[in-house]
Amino acid sequence: MNAEQFFNELWQDYITITPQAEQIKQLFAKTDGIVINDHVAFRTFADTPLKLDNLEPLILGMGYERQGSYDFKAKKLRAHSFIHPNPNVPKVFISELLVDQLSESAQAIIGKYTAQIKEQDLDLSVFWSARHWEMPSFEEYQAVMEESEYGAWLLAIGVRVNHFTVSVNHLHTTDCIREVLQRVKDAGFAVNTVGGEVKGTPEALLEQGSTMADRQNYIFAGGEEFEIPTCFYEFAKRYPDAEGVVYQGFVEANADKIFESTNAS
């Protein structure tokens, strides 16, 4: 599978639980033509057969190289970003939850389900494979949520793309991320306001914003049905450095706030 096929498969899976993304993409496609994707992101559990170190070779196998590594101490996450030599191919960001840093009770809940993950030969389809474990109870979901929204989301949703990202640099009608977010709001979509609607600054060479995640009904263990956050759509504006080279990395402080886009409240 080449990168184009990979991202096509991802998009089709993504919009089944993130219908806002297709609507917003079409909103910009009407005025800007092709909407370019800056990057995608994934979440997973550390110390399992689906850990970051096991997913990385799949991305490298498509011609990517590791671009950077990140630690989100407050959220108990580690992450790698990957970049492709073809600038038209989106970047990839994969993070994992360091479960052993959570409380014993949260570890026990998550461990009950991650123990169900089978050792297997992985291929690129793992990135839209969803849960490799049974659905937790809503009580367990809420208990994990109290410590890690990321962990609760992953427990319910599984391994699926967490967001796609519109490259504001490639829009024709505007290159201002505030104008982009205003247009999204005017269309009736909520945006993430944690740390301000725009995360980052031109001085940091990266500005980002995002919608709040779509919500869908899920049936939890025991037959309980509740509406929970799924995935969101992001927007990124990149700036050139002193040498005129457009920054292609990620900023931890920005990403820390973008994670909040799947908050349940």
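Looking for whichever is over 30 Å from residue 140 (Cα atoms) and buried (at least 16 other Cβ atoms within 10 Å of the Cβ) here; the options are 2, 86, 37, 8. Which one fits? Full working, then the answer.
Details: 2 fails: buried (at least 16 other Cβ atoms within 10 Å of the Cβ); 86 fails: buried (at least 16 other Cβ atoms within 10 Å of the Cβ); 8 fails: buried (at least 16 other Cβ atoms within 10 Å of the Cβ).
Selected residue: 37, the only one of 2, 86, 37, 8 that is over 30 Å from residue 140 (Cα atoms) and buried (at least 16 other Cβ atoms within 10 Å of the Cβ).
Only residues that are at pLDDT below 95 and either in a helix (DSSP H, G or I) or of a type outside the set (Lys, Arg) (or both) were counted across region 102-121, and they come to 3.
Residue 1 meets the conditions (1) at pLDDT below 95; (2) within 14 Å of residue 130 (Cα to Cα); (3) among the aliphatic types (A, V, I, L, M) in every case but one. The failed one is (2).
Selection over region 68-83 of residues that are surrounded by 17 or more Cβ atoms within 10 Å (Cβ to Cβ) and closer than 18 Å to residue 247 by Cβ gives a count of 6. The residues listed here are 35, 40; of these, the one that is of a type in the set (Val, Ile, Thr) and in a strand (DSSP E or B) is 40. On the stretch given as region 113-167, residues that are among the polar types (S, T, N, Q) and in contact with a helix residue (DSSP H, G or I) (Cβ under 8 Å, 6 or more places away or on another chain) total 5.
The values are calculated or read from the model by the stated rules, or taken from the named source; none is laboratory data. Computed from a predicted model, the values in this text were never measured in an experiment. Positions of Cβ are generated from backbone atoms using ideal geometry, with glycine treated the same way; all protein chains shown enter the neighbour counts.
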